[in-house]
1. If each of Met154 and Thr189 carries a label point 7 Å out from its Cα toward its Cβ, how far apart are those two points in nm?
2. Over segment 310-410, what percent of the accessible surface lies on carbon and sulfur atoms, probe 1.4 Å?
3. Once the whole set of protein chains is in place, how much accessible area is left on Arg33, using a 1.4 Å probe, in Å² to the nearest 10?
4. Given a Förster distance of 56 Å, report the FRET efficiency between Arg315 and Ser104 from their Cβ-Cβ distance, rounded to the nearest 0.05.
5. Give me the 1.4 Å probe accessible area per residue for the chain, excluding ligands and nucleic acids, in Å².
6. Lys and Arg at +1, Asp and Glu at -1: add these up for the other residues within a Cβ distance under 11 Å of Val131 and post the number.
7. Roughly speaking, what is the stretch gain from Ala331 to His307, that is 0.36 nm per residue apart minus the C-alpha to C-alpha distance, in nm to one decimal?
8. Calculate for the chain the 222 nm mean residue ellipticity that helices alone would give, adding -39,500 (n - 2.57) per DSSP H run of length 4 or more and normalising by residue count, nearest 500 deg cm²/dmol.
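The values are calculated or read from the model by the stated rules, or taken from the named source; none is laboratory data. Keep in mind it's a predicted model, so treat the numbers as computed, not measured. Because the Cβ atoms are built from the backbone with ideal geometry, glycine has one as well, and the counts that use them run over all protein chains shown. For the accessible areas, the whole protein counts, side chains as well, though only heavy atoms, and no ligand, DNA or RNA atoms are used. Shrake-Rupley method; radii C 1.70, N 1.55, O 1.52, S 1.80 Å.
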Amino acid sequence: MNICIVGGGASGAFAAIAAKKTNPSAHVTIYERKNRIGKKILASGNGRCNLSNLGASSSHYYGENPSFVEPALDEVYPEKTIEIFAELGLLCKREHGGRVFPHSSQSASVVDVLRFTLGALGVETITDAEVSDINPSEEGFVAEYSIGDASYTMLHDRVIVCTGGKSAPALGGNASGHKLLASLGHKITRTTPALCQLRADVRICKPLKGIRADCRISAYCDKVKVAGSEGDVIFTDYGLSGSAILDISRVMHFHQDARVNLDFMKEHNRVTVENILSERRRLAAFPTLETFFTGILHKMIGHSILHAVGFEDLRAPSSSLSDADVSKLAANIKKFEIQVHSHNGYEHAQVTAGGAHTSQFSPYTMESKLVPGLFTAGEVLDIFGDCGGFNLQWAWSSGYVAGQNAARNTQKK
């Protein structure tokens, strides 16, 4: 049996390993368009590779049918993934929030273990290879690919498309997998950047550039709350960044625009905040509006809240604040509203939202319902997850399931 895997990322590497373990006599070839496999893995988790999350379940995934992930996650669940990596020689450690990292805290360890295992299993890896076409034939699949100016064709019995999406083009992300699957009759849903920074009202964000705040975030579209998160928010000259922003950035895939509300004092309810501000007004230690939030908020965030309420002259005495003013300031601390316009682009996105329509693939085998012998896995499908290891877990799970089933002589539907 001859198996072609298009893409040498997380899902492609795991598909190859699973295929060889299932059918050691199979000839497995990975075609990778970059000069080495796993470049996106190297960049994940700020170079530490957050490779899984113990809480992985369909509630952390998105797309037209998030429940599509369940059979693969049930078969290759996070603890099973850790066991598989241990068998390959990679020790893992568990951290806060269920996040799983290599014990070395180096993403290179993950890539090296995969690379060494592929070599030991006899998987052929062809790098700098751009697969341009896959044509079903009576004998199997004819894959057309190029290396530089030279073009080649190879015949394969099975094909697994693991190209990922369009995110991080510098690391190999593009739409090639979507084009290959579309040419074989598969529907591709609308794609957008996901898990990325957001472009927002620069009148508010630019003056706060570089400031980091620990917030509770709520995102609203048409006055309906559509997402929420807690953690770091970083103001930039174009909008908003930080881990909490990445968590809620998915809303831009489903909506044209959004408003985010930042809670700068998440530990306290509004009444408590209002009482704190009333007491502060009474104290002589903070005589002007310019100094009013000293010791509570970052100076510039405090100034932005004052401006939002309507105060322009920050030299005015704090004692001039009325009870109504204090109430408005407390309300803005708890719900500071910023208009969001768009994403910051695929160049800065961790994953792609949208992709190959999951209704045309079996969630139990990852095999196409339209083209027998064609499989897919990972980000190329219309599935993406939250920050925190969920997307790599989907890559490992779906890749392993695809590899196992592609390597079986009799296909399980």
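1. 3.2 nm
2. Looking at segment 310-410 in its full context, I get 50 percent from C and S.
3. The accessible area of Arg33 comes to roughly 90 Å².
4. Computed FRET efficiency for Arg315 and Ser104 comes out at 0.55.
5. It amounts to 42 Å² per residue over the chain.
6. Net local charge, Val131 excluded: -2.
7. 7.3 nm
8. Details: 13 runs with 125 residues, N = 413.
Result for the chain: -9000 deg cm²/dmol, rounded to the nearest 500.
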